[in-house]
Amino acid sequence: MTFDLASRLAARRADNLFRQRPLLQSPQGPEVVVDGQPLLAFCSNDYLGLANHPEVVRALQQGAEQWGVGGGASHLVIGHSQPHHALEEALAEFTGRPRALLFSTGYMANLAAVTALVGQGDSVLEDRLNHASLLDAGLLSGARFSRYLHNDVGSLTKRLDKAEGNTLVVTDGVFSMDGDLADLPALCAAAKQKGAWLMVDDAHGFGPLGASGGGIVEQFGLGIDEVPVLVGTLGKAFGTAGAFVAGSEELIETLIQFARPYIYTTSQPPAVACATLKSLELLRSEGWRRDHLNALIARFRAGAAALGLELMDSPTPIQPILIGDSARAVEFSRLLRERGLLVGAIRPPTVPAGTARLRVTLSAAHTVEQVERLLVALGECQALLGAVPGETSDE
């Protein structure tokens with residue numbers, strides 16, 4: 001018996017679901033070079049335009065000169081450098097929580113938090129549209145795993161009634177493929193009524209949301225009592241790399257003692273922590289970035305609606321245009337690229353069958369003129385593609 005990998009790959013190609021990696025040959029920014037072609041990009045999660053900010057770059061360089069390059073070992077051996085510690089303290093203060101804990105990636109942070117908090121005999125309840133890392137964490141925890149209907153508190157409540165042991169409710173703050181917000185106040189109330197904990201992965205909310213960029217919990221005015229476990233990533237609006245979990249003294253110490261993805265991995269390069277300290281400073285002090293971003297979002301939504309494009313209910317920099325058919329989404333993306341614009345076509349299994357989409361993401365580094373250029377190109381491509389077919393190949 002052999003692994004028939006060729007057939008699996010051929011089937012994925014035939015279904016218009018084959019993924020390819022664009023080769024970026026320039027720094028992150030609105031204007032990039034991909035596969036040798038200059039393009040105007042609307043597909044990066046660098047929401048505040050900090051990934052190539054000169055002060056952040058300088059902080060990384062100076063950090064490397066002072067602290068070297070590699071982390072050297074895990075945090076519990078000899079890899080917990082002073083910059084890591086300083087960043088954890090800054091993130092704790094930023095989130096208004098007693099402590100924060102650094103991770104090398106958001107995937108690891110989510111795996112660590114869920115698997116350290118629940119196990120056999122417990123329950124983990126997740127939104128159906130949660131990020132893959134959250135769903136994987138729930139499955140790997142060994143706890144009784146159930147998914148409630150997207151943002152549906154009634155569906156969650158029914159599952160809470162059947163939950164056993166310690167119960168963890170897990171949701172994205174901003175859903176990465178739809179751009180909509182979790183109904184946190186209602187989710188918090190439902191969880192609290194049943195004695196469950198709520199964990200929020202606000203990977204796409206930190207930076208764009210909240211008066212000071214503090215994300216969805218700041219936007220809704222919630223605290224540690226309502227959201228005991230708060231996760232954020234540093235590779236999106238922060239513009240650097242890594243992730244963190246923020247919470248109580250007891251939560252963070254529990255992760256240090258029991259979270260295998262934390263215990264058994266080398267720490268991130270300390271220079272990255274130096275860069276993130278600078279990006280956090282800019283995120284908090286330069287409120288104009290959020291103001292400009294919100295203006296771009298409003299202009300894009302108005303322009304797209306005027307073109308008759310089907311937008312999803314998103315107040316965030318993630319602005320998906322629902323296409324439906326995978327082949328049509330791929331062709332739409334190709335036509336945009338011919339016009340010098342890079343917008344990704346998102347297809348199953350990343351999104352449900354029949355809901356392929358163009359995932360437009362906006363950044364504070366974009367100009368109004370660049371957004372207008374995108375709208376013009378969308379109108380041209382829509383006209384070339386013609387009417388939407390009655391059926392989709394995903395259904």
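The values are calculated or read from the model by the stated rules, or taken from the named source; none is laboratory data. In this text, all values refer to a predicted model and were calculated from it rather than measured experimentally. So basically every Cβ, Gly included, is an ideal-geometry build from the backbone, and we count neighbours across all protein chains shown. Remember, those area values only see protein heavy atoms, side chains included, never the ligands or the DNA or RNA. Shrake-Rupley method; radii C 1.70, N 1.55, O 1.52, S 1.80 Å.
Numerical summary
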read-out	value
Reciprocal of mean inverse Cα separation for segment 29-187 (Kirkwood radius, Å)	18.9 Å
Value of D in µm² per second that Stokes-Einstein yields for segment 144-270, Kirkwood Rh from Cα pairs, at 37 °C (0.692 mPa s)	211 µm²/s
If the convex hull is drawn through the Cα atoms of segment 195-250, its volume per residue in Å³	81 Å³
Unit Cα scatterers, Debye sum, segment 268-318: log10 I(q)/I(0) for q = 0.14, 0.15, 0.24 Å⁻¹	-0.55, -0.59, -0.87
Lys194/Gln120 FRET efficiency (R0 22 Å; Cβ-Cβ; nearest 0.05)	0.65
Gyration tensor over alpha-carbon atoms, the chain, equivalent ellipsoid semi-axes in Å	33, 27, 21
Farthest toward positive dipole pole in the chain [+1 Lys/Arg, -1 Asp/Glu at C-beta], among Leu358, Thr254, Leu117	Leu358
At 1.002 mPa s and 20 °C, Stokes D of segment 192-341 from Kirkwood alpha-carbon radius, µm² per second	117 µm²/s
Linear extension gain, Thr2 paired with Asp183, 0.36 nm per residue minus alpha-carbon span	60.4 nm
Set of segment 58-97 residues, backbone N closer than 19 Å to the point 7 Å along the Cα-Cβ line of Glu281	58-68, 82-95
Solvent-accessible surface ranking, highest first, for His75, His84 at 1.4 angstrom	His75, His84
Radius ratio Rg over Rh of segment 278-395, counting only Cα atoms, Kirkwood formula for Rh	1.02
Inter-label distance for Glu249 and Leu24, nm, one decimal - labels placed 7 Å from Cα along Cα-to-Cβ	4.0 nm
Packing rank of 100-106, 112-118, 6-12, 30-36, where each peptide gets the mean count of other beta carbons within 10 Å, highest leading	112-118, 100-106, 30-36, 6-12
Inter-centroid distance (Cα atoms) of segment 55-116 relative to segment 219-235, Å	18 Å
Gained length - Arg339 relative to Ala11, 0.36 nm times residue gap less alpha-carbon distance	115.1 nm
Stretchable slack from Val77 to Arg299, in nm (0.36 nm times residue separation minus alpha-carbon distance)	74.9 nm
